[in-house]
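Reading through the structure tokens given below for one structure.
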Amino acid sequence: MQRPEPWHGRCQLQFQSSPAGTHHQGGCSAPFKLLRADRGDDGRCELPLLHTAGGLVGGDRLSIDLDLGVASRSLITSVAAQKVYGSLGRSRLHPEGRWSQQTVQCTLEDDSDLEWLPQELVLYADALYEQQLTVTLPENASFLSAEIVRLGRTAAGETLNQGCWRSALSVQRIGRAEPRWELVDRLSLGGDSLAGSHGLAGAPVFGSLVWAAPMPLSSDAIRRLQETIRADRDGLEGTMRLSSLDQGLVARYSGPSSRDARFWFSRIWSHTRALRGLSSPRIPRVWPLQEQPLARQTFTTNRQALPATTN
């Protein structure tokens, strides 16, 4: 039986720093459910978010608001891969299909640190999905996002068909001077872009990692970081590219393997921790991994940050 009305799940969370570490408050509405938070290394609040509906159908909406107080640290992840079911041609009322939507708004204060690491997004054939991620942070805050999307259930011989995935990401720095855009990224994957040589060229998996660093990095530090990250691609299948931001970096993956995308992104994640002298990340308990994605990393995390520059 089809649900009479689409879901609109909401989640609003605030994070505050204390001598014992970061704690959270707030809540959510169905189909969201918060699981027990863990206290990670460096006092980080690690919070798994569960979507109880089993997937998104056309018209479903998810809204997430995350506010990080001064010097707070948080890792937000999901309990399982998010499924988006086909919409085109599935309803007599909406034969053209309906878009499922997710909006995430992140507001960070001074010296705060947010890692947004949801598990894989799986779009079924003819699914329509759009997401918007908006981040506002000061110059001395850190934001890391890593997202992986599988376009069709390829293990079942399925493609995205006539479906489409859209993403709008914006990262804005708020400092003493005028606000500036760290990154404005608009992507749309569907139709010719799925098979075309200027798109995914038939690859079923796309991934994107963004790190807005809490400090400027010297040209030497950026060069060494990029060399290390590129070396971490060895043994992984797919096309992996890396570029710099004014104060951070962007990594892209396209290829056949969500596992390899996850492994490369996990290694980059570890490097961003090491640059700030933080503890190496531990894979969240809710991630269903049989392998350790950090095992092959070549970066030595000696808890000493690379030199930064104020130029």
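The values are calculated or read from the model by the stated rules, or taken from the named source; none is laboratory data. The structure presented is a predicted model; accordingly, all values stated were derived computationally and were not measured. For neighbour counting, all protein chains shown are included, and Cβ atoms are generated from backbone atoms with ideal geometry for every residue, glycine included.
Tabulated values for the structure
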read-out	value
Residue within region 58-65 that is of a type in the set (A, V, I, L, M), within 23 Å of Val286 (Cα to Cα) and touching a Cys at 6+ places or on another chain (Cβ under 6 Å) present	yes
Lone qualifier among Gln132, Gln102 - being within 22 Å of Phe32 (Cα to Cα), touching a residue at least 40 places away in the same chain (Cβ under 8 Å) and part of a strand (DSSP E or B)	Gln102
Region 267-294, subset modelled with pLDDT of 90 or more and of a type in the set (D, E, K, R), residue farthest from the chain's Cα centre (by Cα)	Arg276
Candidates Ser72, Ser18, filtered to the one that is under 27 Å from Gln172 (Cα atoms) and without any contact (Cβ under 8 Å) to a residue 12 or more places away in the chain	Ser18
One residue from Val205, Val210, Val250, Val171 being at pLDDT 95 or above, farther than 22 Å from Val122 by Cβ and either in contact with a Ser or Thr (Cβ under 7 Å, 6 or more places away or on another chain) or surrounded by fewer than 15 Cβ atoms within 10 Å (Cβ to Cβ) (or both)	Val250
Residue in region 27-34 that is in contact (Cβ under 8 Å) with a residue 24 or more places away in the chain, among the hydrophobic types (A, V, I, L, M, F, W, C), surrounded by fewer than 17 Cβ atoms within 10 Å (Cβ to Cβ) and more than 22 Å from Ser167 (Cβ to Cβ) present	no
Tabulated pairs, region 76-92, first in a loop (DSSP other than H, G, I, E, B), second among the basic types (Lys, Arg), C-beta under 6 angstrom, 6+ apart or interchain	Ser87/Arg98
Flag for Ala53 being out of contact with any Lys or Arg (no Cβ under 8 Å at 6 or more places or on another chain), part of a loop (DSSP other than H, G, I, E, B), among the small types (Gly, Ala, Ser) and modelled with pLDDT under 95	yes
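Rundown of residues vs (1) more than 16 Å from Gln12 (Cα to Cα); (2) surrounded by fewer than 19 Cβ atoms within 10 Å (Cβ to Cβ), yes/no style:
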residue: Gly55; (1), (2): yes, yes
residue: Val84; (1), (2): yes, no
residue: Asp110; (1), (2): yes, yes
residue: Trp116; (1), (2): no, no
residue: Gln131; (1), (2): yes, no
